[in-house]
Amino acid sequence: NCFSQSAGPRGRTYSFKEMEQLLKARHYNLLYPSWLEKVFPEVTMELDSTTSLNDLLHEWLLGLAVKTNIQGNSIVLFPTGDNQGGRGLYNRLEGVVVNTQMEAIARATVTNNLTSKGDITNSNGIFRLRVAGLNTPVAVSCVGYKADTVVLNNRAFQMIVLLEAEAH
């Protein structure tokens with residue numbers, strides 16, 4: 001059997017300042033609270049000269065609790081929710097825990113390894129976690145299944161597949 005492994009995100013990694021320069025090259029001014037630049041993560045994405053402004057902003061801000069308001073040639077970035085000094089800059093990590101038959105696993109524990117805070121999946125296998133980054137290591141466990149630790153990204157809805165525990 002031959003398995004392929006993802007090489008990770010494709011594209012280029014952009015810092016906040018590089019995105020600001022890219023927008024200036026497109027004749028847009030970026031307006032934002034001064035603290036935002038200090039806490040904004042680098043983001044890897046594929047862009048080219050045909051990428052629309054809306055697509056560019058969507059990709060750049062995906063997973064972040066930051067909204068935009070475009071007025072003429074000015075783009076205003078405004079954080080939403082509890083964002084004192086960058087806390088709460090990230091959207092909640094959401095996903096589902098399923099078994100190998102793609103059936104939802106209710107009452108599984110999903111724990112953020114960085115904070116030790118977690119959630120228990122609902123009857124549909126859904127969980128939600130507060131995170132402080134785009135990529136977060138989580139531990140997942142449930143009676144009757146092998147526990148697992150995975151790194152999840154909050155830029156998309158995540159699926160975790162647990163394997164059944166071996167009977168002793």
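The values are calculated or read from the model by the stated rules, or taken from the named source; none is laboratory data. Predicted model, so just to flag it, every value in this text is computed and none were measured. Note that we place each Cβ from the backbone using ideal geometry, even for glycine, and neighbour counts take in every protein chain shown. With ligands, DNA and RNA removed, areas are computed over all heavy atoms of the protein, side chains included. Shrake-Rupley method; radii C 1.70, N 1.55, O 1.52, S 1.80 Å.
So, in the range 65-79, of the ones that are within 19 Å of residue 92 (Cβ to Cβ) and in contact (Cβ under 8 Å) with a residue 40 or more places away in the chain, which residue ends up most open to solvent (accessible area, probe 1.4 Å)?
78
I'd like to verify a number: residues in the range 120-140 that are open to solvent by less than 50 Å² (accessible area, probe 1.4 Å), farther than 26 Å from residue 45 by Cα and assigned to a strand (DSSP E or B), how many?
Kept after step one, since they are open to solvent by less than 50 Å² (accessible area, probe 1.4 Å), are these residues of the range 120-140: 121, 125-127, 129, 131, 133-134, 136-140.
Subset that is farther than 26 Å from residue 45 by Cα: 121, 125-127, 139-140.
Imposing the further condition that a residue be assigned to a strand (DSSP E or B) reduces the set to 126-127, 139-140.
Going through the range 120-140 one residue at a time, the tally reaches 4.
Scanning for something within 15 Å of residue 76 (Cβ to Cβ) and touching an Asp or Glu at 6+ places or on another chain (Cβ under 8 Å), does the range 46-56 turn up at least one residue?
No, the conditions are met nowhere in the range 46-56.
Sort through 155, 92 and tell me the only one that's closer than 22 Å to residue 44 by Cα, surrounded by 13 or more Cβ atoms within 10 Å (Cβ to Cβ) and in contact with a Lys or Arg (Cβ under 9 Å, 6 or more places away or on another chain).
Details: 155 fails: in contact with a Lys or Arg (Cβ under 9 Å, 6 or more places away or on another chain).
From the options 155, 92, the qualifying one is 92.
For the range 39-55, how many residues meet the condition of being within 23 Å of residue 132 (Cα to Cα), open to solvent by less than 50 Å² (accessible area, probe 1.4 Å) and free of Cβ contacts under 8 Å to residues at least 40 places away in the same chain? First the steps, then the outcome.
First pass over the range 39-55, keeping only residues within 23 Å of residue 132 (Cα to Cα): 39-45.
Keeping just the survivors that are open to solvent by less than 50 Å² (accessible area, probe 1.4 Å) gives 39-41, 43-45.
So of that shortlist, the ones also free of Cβ contacts under 8 Å to residues at least 40 places away in the same chain come out as 44-45.
Count: 2.
Against the definition (more than 30 Å from residue 163 (Cβ to Cβ), out of contact with any Gly (no Cβ under 8 Å at 6 or more places or on another chain) and either touching a residue at least 12 places away in the same chain (Cβ under 8 Å) or open to solvent by 50 Å² or more (accessible area, probe 1.4 Å) (or both)), how does residue 36 come out, yes or no?
Values: more than 30 Å from residue 163 (Cβ to Cβ): yes; out of contact with any Gly (no Cβ under 8 Å at 6 or more places or on another chain): no; either touching a residue at least 12 places away in the same chain (Cβ under 8 Å) or open to solvent by 50 Å² or more (accessible area, probe 1.4 Å) (or both): yes.
Here the answer is no, as residue 36 does not meet what is asked.
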